[in-house]
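Report on the structure given below.
The values are calculated or read from the model by the stated rules, or taken from the named source; none is laboratory data. Treat the numbers as computed from the prediction; the structure is a model and nothing was measured. Note that we place each Cβ from the backbone using ideal geometry, even for glycine, and neighbour counts take in every protein chain shown.
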Amino acid sequence: MDIRRRPAKAIRMAPTAAGEPLKHKQQQQQQQQQQQQALKASDALSMPLYLTNGIFFTLFFSVAYFLLHRWRDKIRTSTPLHLLTLSEIAAIVSLLASVIYLLGFFGIDFVQSIIARSSHDAWDVDDQSQRGFEHLCGPCAEATIDGSAPAPPKAVALVNSGFTEEDEEMVASVVNGSTPSYSLESKLGDCKRAAWVRREALQRMTGRSLEGLPLEGLDYESILGQCCEMAVGYVQIPVGVAGPLLLDGREYTVPMATTEGCLVASANRGCKAIYVSGGATSVLLRDAMTRAPVVRFASAKRAAHLKFFLEDPLNFDTLALVFNRSSRYGRLQGIQCAIAGKNVYMRFSCSTGDAMGMNMVSKGVQNILDFLHDDFPDMDVIGISSNFCSDKKAAAVNWIEGRGKSVVCEAIIKDEVVRKVLKTNVAALVELNMLKNLAGSAMAGALGGFNAHASNIVSAIYIATGQDPAQNVESSHCITMMEAINHGNDLHISVTMPSIEVRLRLQN
């Protein structure tokens with residue numbers, strides 16, 4: 001970790017004697033700067049920082065891998081874990097040493113970032129004062145001292161753009177390819193500054209301006225290693241609210257992030273119609289995230305043996321025990337197998353609590369694959385995801401079997417509300433739903449698209465609440481049903497959505 005420190009500001013002083021050369025004065029200032037500049041923390045290391053980090057990272061992962069394999073072998077052979085060999089003791093000591101180093105490394109980086117942020121405002125004030133002083137005693141004063149013409153100002157464009165000479169050098173290194181763009185955060189130690197440098201390099205390489213893309217106003221530290229890499233800015237999307245929505249006796253305000261005009265207004269009018277008609281009710285039909293690995297055998301017969309083994313009810317409890325051991329919340333619910341030649345596609349269904357659960361079910365599936373290798377050593381794992389899941393793609397298996405949350409909601413809209421709020425009548429709505437949402441979608445060969453525009457609503461809510469917008473593909477699978485009831489006076493409307501993939505954030 002390179003700890004960067006702001007160089008000490010050299011104070012512009014008057015000459016000590018008449019006719020003293022300006023060059024001598026500048027040399028004195030440079031010497032003062034070199035004396036005042038603080039040492040880097042990495043100077044205390046006997047090797048370069050990147051080499052030291054590489055050694056300890058390699059030591060940590062290799063030792064951890066060794067110990068995990070040793071402990072797995074002990075569990076299989078019923079050997080007590082506290083009985084340690086000399087190699088295991090050395091491995092534990094090495095693991096502790098690498099952990100202590102890595103904790104110290106990242107701890108120093110965290111403290112340094114806090115100190116840098118707290119002193120940032122004071123540096124800005126110093127910069128402004130120094131620029132004002134240089135403006136008063138700038139090139140004209142220097143020309144008076146040594147009698148020569150003032151030197152042209154250096155890097156005026158950099159000062160105007162907020163760049164330093166060091167930033168300019170970094171931009172040039174990115175442009176010429178000597179510095180990878182993805183490594184700027186680690187090299188500079190400042191995520192926002194890295195975004196500035198990457199943004200400027202991108203503009204120079206493409207010849208296009210990014211002036212319309214905002215940069216200020218986003219905490220780039222919070223997205224590092226979390227949700228976006230190689231950031232150069234962010235996109236602003238307006239967020240509106242619809243509601244209140246009366247659902248299962250509770251009122252909800254629905255946030256929607258969209259750039260489509262009238263979408264929020266239309267949803268808000270629907271919420272009003274439901275509210276004044278007494279609200280809607282919902283039922284959670286199923287809650288199971290899926291993951292489907294694909295494995296291959298030498299023959300179709302061996303592939304069929306695995307299918308029979310997995311679908312045998314007598315084996316389910318054992319498989320569930322193996323699957324569930326990697327999570328406190330993930331619980332295996334079922335296994336569905338399909339065969340294509342000598343390839344086996346295994347679709348595991350798992351409850352995931354409040355989490356969306358993609359990583360949770362993937363870890364459980366990996367446990368099953370490791371377990372199956374004992375009885376099927378000739379099994380070749382091709383991929384942990386085979387698109388039989390199916391994730392972020394319109395697929396009949398999700399429409400029929402469901403994925404994530406399978407939900408049905410219904411409401412009865414009174415005739416008076418249909419006429420006054422929705423500006424139509426019950427008979428017209430029923431006919432339109434049949435001819436458009438049902439027959440029209442069937443004519444188009446729609447897969448899960450028997451609705452007006454469920455994708456609009458789901459996408460807007462997903463973006464506003466931080467869900468994965470790409471999962472709108474299967475989450476928008478919806479069939480809308482309408483029926484006239486009470487002698488044609490009222491409208492019964494329902495939506496059935498079998499594959500809503502969402503994580504929950506419950507609040508009291």
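Inside the stretch 219-232, residues that are closer than 22 Å to THR465 by Cβ and either surrounded by 16 or more Cβ atoms within 10 Å (Cβ to Cβ) or among the small types (Gly, Ala, Ser) (or both) make up a count of 4.
Going by what's in this entry, would ILE479 be described as part of a helix (DSSP H, G or I) and either buried (at least 21 other Cβ atoms within 10 Å of the Cβ) or not charged (D, E, K, R) (or both)? No: the conditions fail for ILE479. Taken over the stretch 449-480, the criterion of being within 17 Å of ILE400 (Cα to Cα) and in contact with a strand residue (DSSP E or B) (Cβ under 6 Å, 6 or more places away or on another chain) is satisfied by PHE450, ASN451, GLU474, SER475, HIS477, CYS478, ILE479, THR480.
All of LEU68, LEU83 fail the test of being of a type outside the set (Gly, Ala, Ser), in a loop (DSSP other than H, G, I, E, B) and either at pLDDT below 65 or within 30 Å of VAL322 (Cα to Cα) (or both), apart from LEU83.
Taken as a whole, the structure places VAL407 among residues that are of a type in the set (Val, Ile, Thr) and not in a loop (DSSP other than H, G, I, E, B). The C-beta contact set for the stretch 415-426 (first residue in contact (Cβ under 8 Å) with a residue 60 or more places away in the chain, second residue exposed (fewer than 14 other Cβ atoms within 10 Å of the Cβ), distance under 6 angstrom, 6+ apart or interchain) comprises ASP415/ASN489.
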